[in-house]
1. Might you let me know whether segment 77-93 holds any residue that is in a strand (DSSP E or B), closer than 22 Å to ARG161 by Cβ and charged (D, E, K, R)?
2. Consider ALA102 against the criteria (1) in contact (Cβ under 8 Å) with a residue 60 or more places away in the chain; (2) closer than 20 Å to THR37 by Cα; (3) aliphatic (A, V, I, L, M): it satisfies all of them except one. Which criterion is unmet?
3. Could you say which residue among ALA137, ALA102, ALA117 is under 17 Å from VAL183 (Cα atoms) and touching a Phe, Trp or Tyr at 6+ places or on another chain (Cβ under 6 Å)?
4. Please go through segment 181-213 and pick out each residue that is of a type in the set (S, T, N, Q) and farther than 29 Å from GLY166 by Cα.
5. How many residues are crowded, with 17+ Cβ neighbours inside 10 Å and assigned to a strand (DSSP E or B) if we restrict to segment 104-115?
6. Among the residues in segment 23-33, are any of a type in the set (Ser, Thr, Tyr), outside any helix (DSSP H, G or I) and over 22 Å from ARG181 (Cα atoms)?
7. If only one of ALA139, ALA120 is touching a strand residue (DSSP E or B) at 6+ places or on another chain (Cβ under 9 Å), outside any helix (DSSP H, G or I) and of a type in the set (Gly, Ala, Ser), which one is it?
Amino acid sequence: MSNAMKKLLGACLAALALCASASGLDSLEAFIRTAKTGRADFTQVVTMSAKEGQGLRSKTSSGNFEFARPNRFKFIYKKPFEQSIVADGQTLWLYDVDLNQATARKQSQVLASTPAALIASAPDLRALQADFVLTDAPARDGIEWVVATPKAKDSALQSIRVGLRGGELTVLEILDSFGQRSVLSFSNFELNPVLPGKAFEFKVPAGVDVIRQ
């Protein structure tokens, strides 16, 4: 084997070893550091805890997701019902088309220990660790995992599992304090697209009731 081939083989083996040793935390930190903006489609499956004498119940919804770090994002649900969750940097808006109602909350008071903080709001891993205990979980199906447990004792969430593959956000598994599980699967992920600031503006449609909390 020539010296050039040996060097190439050695470089490939080193790269493979590096990939093998990468942890979920490493991947999450790299994602937060490199993904300044992002865009993806998502499908959400919510499984509700079984009532006595009944089986598990689930519902599926879908839409698209965009974010601009550190504090702007939006989830636009298109099916089966139209709903929007928009964070414009100051206010978190929840808009339900069928109810003809929008709810406005101060963003700083509600985002710290939410799934959105993990994937779109936090500027770095240290900021996340102020609100979550972050631990690696075993990789499966080519996905690296981080388990985030909220530090707040009164959190509505038990845990959040973040799955990343090849530096891209792939899935979020959210378990709340009532035993309800939400799994968001992301596809067609675009890393660092150009997103205008107005993309995260929410304008209350005419005739919509606004509740401020």
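The values are calculated or read from the model by the stated rules, or taken from the named source; none is laboratory data. Every value quoted in this text rests on a predicted model; they were computed, and no experiment measured them. All Cβ positions, even for glycine, are placed from backbone atoms using ideal geometry, and neighbour counts span all protein chains on display.
1. No; the residues of segment 77-93 include none that is in a strand (DSSP E or B), closer than 22 Å to ARG161 by Cβ and charged (D, E, K, R).
2. Just one mismatch for ALA102, condition (2).
3. Checking each option against the conditions leaves just ALA137.
4. GLN213
5. 1
6. Checking segment 23-33: at least one residue is of a type in the set (Ser, Thr, Tyr), outside any helix (DSSP H, G or I) and over 22 Å from ARG181 (Cα atoms).
7. Unique residue meeting the criteria: ALA139.
Every residue, every condition in (1) of a type in the set (Phe, Trp, Tyr); (2) under 23 Å from VAL46 (Cβ atoms); (3) surrounded by 12 or more Cβ atoms within 10 Å (Cβ to Cβ), yes or no:
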| residue | (1), (2), (3) |
| --- | --- |
| ASP98 | no, yes, no |
| ALA117 | no, yes, yes |
| ARG126 | no, no, no |
| GLN129 | no, no, yes |
| THR135 | no, no, yes |
| LEU164 | no, yes, yes |
| LEU172 | no, yes, yes |
| GLY207 | no, no, no |
